[in-house]
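K.L.:
Please find one structure pasted underneath; my questions will follow.
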Amino acid sequence: MTVSATAPKPPLTIILASPRGFCAGVDRAIEIVERALEKFGAPVYVRHEIVHNKTVLEDLKARGAVFVKDLDEVPDEISPGRRAPPVVFSAHGVPKSVPAAARKRNMIYVDATCPLVSKVHHEAEALARAGKQIILIGHAGHPEVVGTMGQLPEGKILLVEKAQDVAALRVEDESRLAFLTQTTLSVDDTAEIVSALKARFPQIFTPKKEDICYATTNRQAAVKAIAPRADALIVIGSQNSSNSNRLVEVAKAHGCARAFLVDRAADIDWKKLEDIRTLGLTAGASAPEKLVREVIEAAGAHFAVTTETAVTAEERVVFNIPRLLTA
């Protein structure tokens, strides 16, 4: 009798970046929606995606969250005699016109803006009061950028996306300038833009504290640590997640050309990775850890997997939940 032997799976070492995945701002935003559902019942309306992750959004939708693009889509009543529940604003922040419109409609709203984004909003207002014209480093159209620019009247904040944009800036007074940044940018790219700003405007005011958030900085540092060792590197995150896209760019810039972004394990073409023996794995700040475990399990169907974790920082940041949901 002939016994067919199954060919052994090739070995694969998965290097897990740490920190990775949810940050404190994302944890807080998701918990706000969950608590609103518990307190007020479904549906709970959420203006824009609470965070940029498909899996998170699908989970919350299944529990009764309704995501809308604008307040106009939120009814005054969800049934005769039953007033609509509070509206939750996303973690990315909103222009001042949004809560103003909510108050005008006598709506109860819960602001899930990440406190580190709110810090940038407060900085923008303080700088404007001090007579500064503000240059914001960020990506046009991103909800966080729209929200930050919406803290002041139109035209009071100028946007630059790359170092080349600096030369085209037209400012009111070179001696009264300040810059701020989106919180989810590439640390290296932002440093290049800041250098260009300082070279053209030597008197520009520099924020006392870094605007790029701790989670973005830490996740990029973790990728820099593992990228040179990896034959390929997977970033788990949605296509519209700024911080996740930046992780792919960082990996490519620091030694791993085969870096790519996936929503989840089902999106991975393992045939294209059959020659690798070391895989870097991380997740954007809005991607849940279960998706990391999903990728490891999927890899096990193709490889004999061993894992190791590369720790570059410890995170213990926690943000408070609004009082409306804790009373």
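The numbers here are math on the coordinates, done by the rules we state, and not lab data. Treat the numbers as computed from the prediction; the structure is a model and nothing was measured.
K.L.:
Please report the spacing between the Cα centers of the range 173-215 and the range 89-157 in Å, no decimals.
P.N.:
Rounded to whole Å, the Cα centres lie 18 Å apart.
K.L.:
Shifting gears a bit: Holding the Cα-Cα limit at 29 Å, pick out from Lys69/Lys132; Lys69/Lys198; Lys9/Lys61; Lys96/Lys132 the pairs that are longer than that. All intermediate terms of the calculation are to be shown ahead of the outcome.
P.N.:
Values: Lys69/Lys132 32 Å; Lys69/Lys198 37 Å; Lys9/Lys61 39 Å; Lys96/Lys132 19 Å.
In this structure, Lys69/Lys132; Lys69/Lys198; Lys9/Lys61 lie more than 29 Å apart at Cα.
K.L.:
For Lys39, list the aspartates and glutamates whose Cα falls under 14 Å from its own Cα; do not include residues on the same chain fewer than 8 positions away.
P.N.:
Partners within reach: Glu31.
K.L.:
Continuing with this model, one more query. Can you name the helices of the chain, as whole DSSP H runs, whose Cα span along the helix axis is 15 Å or more and whose Kyte-Doolittle mean is not below -0.5? Write down the numbers at each step before the final one.
P.N.:
Details: long enough: 24-40 (24 Å, 0.12); 115-129 (21 Å, -0.19); 187-200 (20 Å, 0.12); 214-226 (18 Å, -0.17); 242-253 (17 Å, -0.39); 289-299 (16 Å, 0.13).
What comes out of the filter, once short or polar helices are dropped, is 24-40, 115-129, 187-200, 214-226, 242-253, 289-299.
K.L.:
Give me the Debye-computed log₁₀ of I(q)/I(0) at q = 0.10, 0.11, 0.16, 0.17 Å⁻¹ for the range 24-114, equal point scatterers on Cα only, no solvent, two decimals.
P.N.:
Taken in order of the listed q values, log10 I(q)/I(0) reads -0.22, -0.26, -0.57, -0.64.
K.L.:
Can you quote the Å³ per residue value for the convex hull of the Cα atoms in the range 115-200, rounded to an integer?
P.N.:
Values: hull volume 7.6 nm³, N = 86.
Convex hull volume per residue, Cα atoms: 88 Å³.
K.L.:
Something else about it: Would you mind getting the Kirkwood hydrodynamic radius of the chain from its Cα pairs, rounded to one decimal in Å? Could the numbers behind the result be given before it?
P.N.:
Numbers: mean 1/r = 0.0465 Å⁻¹.
Taking the inverse mean of 1/r over all distinct Cα pairs, the chain comes out at 21.5 Å.
K.L.:
Report, ordered by chain and residue number, the aspartates and glutamates lying within cross-link reach of Lys162, taken as a straight Cα distance under 19 Å and ignoring same-chain residues fewer than 8 apart.
P.N.:
Lys162 reaches Glu144, Asp188, Asp189, Glu192, Glu210, Asp211, Glu249.
K.L.:
Another question, then. The range 302-321 to the range 51-87: how many Å between their Cα centroids?
P.N.:
Taking the Cα centre of the range 51-87 as reference, the centre of the range 302-321 is 32 Å away.
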